[in-house]
Amino acid sequence: MAGQISPDHPPGSGAPEQEPHVSVMGLGGVVFAACVLGVIGGFHAIAGLSEILNDNYYQAQNDYAYDFDTNVRGWIEMITGVVMFGAALCLFSGRTWARIVGMAVAALSALQNFFFTPYHPVWSAIIIILDVLVIWSLATYGRREAHKVYGAPM
């Protein structure tokens with residue numbers, strides 16, 4: 001047994017490298033982020049489709065600098081929703097680019113909801129808070145943890 005060489009550790013490499021510790025909060029945070037990102041994406045897609053199909057879904061706001069046409073706003077929301085849902089599915093690959101895309105899409109969603117606050121103020125505040133939680137969850141989860149949990153390449 002002492003003379004056997006482990007395929008994971010070449011001879012002369014010394015002690016085996018310690019595996020990264022994966023905290024329950026870190027892993028749970030990514031699962032939370034993926035689920036919330038998918039749900040928010042679904043909500044955006046449904047709201048965008050509603051705006052496209054019904055021009056009176058939201059009433060125009062007087063003297064609001066960012067008052068877009070209803071169809072434009074609907075397409076923006078629907079495209080954002082589809083991209084968010086796709087990013088949520090890609091998060092389970094454990095890839096770094098999926099986390100970056102997830103954080104970027106959540107930031108764009110928060111910005112979008114900030115601009116649409118006069119149309120649905122309480123809903124926008126809730127979505128902005130959830131987007132910030134998604135960004136925090138994805139930012140605290142590292143590449144080494146993804147490698148251990150999902151077998152993603154280092």
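The values are calculated or read from the model by the stated rules, or taken from the named source; none is laboratory data. Here the structure is a predicted model, which means the values were calculated and not measured. For neighbour counting, all protein chains shown are included, and Cβ atoms are generated from backbone atoms with ideal geometry for every residue, glycine included. Side chains included, ligands, DNA and RNA excluded: accessible areas come from the protein's heavy atoms. Shrake-Rupley method; radii C 1.70, N 1.55, O 1.52, S 1.80 Å.
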What net charge is computed for the residues neighbouring ASN54, neighbours being all others with C-beta under 14 Å from the C-beta of ASN54, Lys and Arg scored +1, Asp and Glu -1? -3
What's the carbon and sulfur percent of the range 55-144's accessible surface, probe 1.4 angstrom, rounded to a whole number? 70
